[in-house]
Amino acid sequence: EAQVTQNPRYLITVTGKKLTVTCSQNMNHEYMSWYRQDPGLGLRQIYYSMNVEVTDKGDVPEGYKVSRKEKRNFPLILESPSPNQTSLYFCASSLQGRYEQYFGPGTRLTVT
Amino acid sequence: SQQGEEDPQALSIQEGENATMNCSYKTSINNLQWYRQNSGRGLVHLILIRSNEREKHSGRLRVTLDTSKKSSSLLITASRAADTASYFCATDSNSGYALNFGKGTSLLVTP
C-alpha cells in the first residue's frame, strides 16, 4: 500500500531534549516536505527536499533541522525543543514538488 | 509566507445544499491544489488545476481558477454529512518549489 508513515504519532517531551521525528514513504517520490499545523495559523511549511541531499527552507525553519540521505526517508530533528514548537506535524511526499502531496498521519508533539 | 487565503473561515450548511469556498493568493502560480482534512488527520488531495486551466471537475467537486483575480473557488454539490471537514488551498510559485497552504475553511454539513 502506498503510504507515508511518521513516528512517533504522539510525543510529550521537555524543553531542550533533542528529538527526531521520522518520516518514510514507499512511493519512490522525489519531493518530501515537513509542515506544522497550529490553530488559527493553518499549515506552514518547515523544510522541503527536492531529492537526496537537496533540502531547502520553508516558511518556518527556525529551530528545526532535516536531512535527506535516502530517497525514502526525511527525518525532522529538533535539537533543543521549546514550548513554542508544540504543534501537529505532518510529513508529505510527491512525485515532484508542485504536484499532489501525499500526507502522513501526523505527529502531535507537546514540549513542556 | 502563506500565500493562499480561504474564505469563509467557517461554513455551515444542510445535507443536499451546495458549498462554495474561495481561495485568494498573491503571486503568480503554476498550479493550485485543494485538499481536505478530517479532524486532526493528514490532508487528502482533492484536485489540482493548472494556471492555464479555468475550470475542472471531479465527481461532485468543481474548481475554478481566475488568474487575473488571483482567486479560485471550490464548489461541492449536493453535500453530505461525510463532507464535513476542513478544506485548504495550496499554491506553488513561479520561483522555487515551496508549497503554501492557506488557513482553511471549516465546513460543517448537518443531516
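Provide, for q = 0.14 Å⁻¹, the log10 of I(q)/I(0) from a solvent-free Debye sum over equal Cα point scatterers in the protein assembly as shown.
At q = 0.14 Å⁻¹ the computed log10 ratios are -0.85.
Roughly speaking, to the nearest percent, how much of chain A's 1.4 Å accessible area is carbon and sulfur?
50 percent
Under the 0.36 nm per residue contour assumption, what length would be gained going from the current alpha-carbon distance of B:Thr77 and B:Arg60 to full extension?
In short, 5.6 nm is gained.
At q = 0.18, 0.22 Å⁻¹, what log₁₀ I(q)/I(0) does chain B have when each alpha carbon counts as one equal point scatterer in the Debye sum?
-0.82, -1.20
Counting only heavy atoms of protein chains, what accessible area per residue, in Å², does chain A have with a probe of 1.4 Å? Working shown, then result.
On the way: 5280 Å² over 112 residues.
With all protein chains present, chain A gives 47 Å² per residue.
Give the separation of the Cα centroids, segment A:1-50 to segment B:5-56, in Å.
Centre-to-centre distance over Cα atoms comes out at 22 Å.
Could you name every residue in segment B:69-111 that has 30 Å² or more less accessible surface in the full protein assembly than in its own chain alone (probe 1.4 Å, ligands and nucleic acids excluded)?
B:Tyr97, B:Ala98, B:Leu99, B:Phe101, B:Lys103
Out of A:Tyr64, A:Tyr89, A:Tyr48, any idea which swings most in a Gaussian network model of chain A, alpha carbons joined below 10 Å?
A:Tyr64
How far apart, in nm, are two points set 7 Å out from the Cα along the Cα-to-Cβ line at B:Asn38 and at A:Lys18?
3.8 nm
So how much accessible surface do A and B hide from each other in total, probe 1.4 Å, in square angstrom to the nearest 100?
Adding both sides of the contact gives about 1900 Å².
Taking only protein heavy atoms into account and a 1.4 Å probe, give the accessible area per residue of chain B in Å².
On the way: 5190 Å² over 111 residues.
On a per-residue basis, 47 Å².
Buried by at least 10 Å² relative to the chain on its own: which residues of segment A:36-69 qualify, computing accessible area with a 1.4 Å probe on protein heavy atoms?
Correct list: A:Gln37, A:Gly40, A:Leu41, A:Gly42, A:Leu43, A:Arg44, A:Gln45, A:Tyr48, A:Met50, A:Asp59.
Within segment B:60-77, what residues put their amide N at less than 14 Å from the label point 7 Å along the Cα-to-Cβ vector of B:Asn18?
In segment B:60-77, the label zone of B:Asn18 (backbone N under 14 Å from the point 7 Å along Cα→Cβ) covers B:60-64, B:73-77.
Exactly which GluC sites (Glu not before Pro) in segment A:1-69 are in a DSSP loop and have at most 13 other Cβ atoms within 10 Å?
A:Glu1, A:Glu53, A:Glu62
Scanning chain A for trypsin sites (Lys or Arg not before Pro) in DSSP loops with at most 11 other Cβ atoms within 10 Å, what's the longest stretch left with none?
That would be A:19-68.
In chain B, carbon and sulfur make up what percent of the accessible area (probe 1.4 Å)?
44 percent
The values are calculated or read from the model by the stated rules, or taken from the named source; none is laboratory data. Note that the structure is a prediction, hence the values are computed from the model and not measured. Positions of Cβ are generated from backbone atoms using ideal geometry, with glycine treated the same way; all protein chains shown enter the neighbour counts. Calculation scope for accessible area: heavy atoms of the full protein, side chains included, ligands and nucleic acids excluded. Shrake-Rupley method; radii C 1.70, N 1.55, O 1.52, S 1.80 Å.
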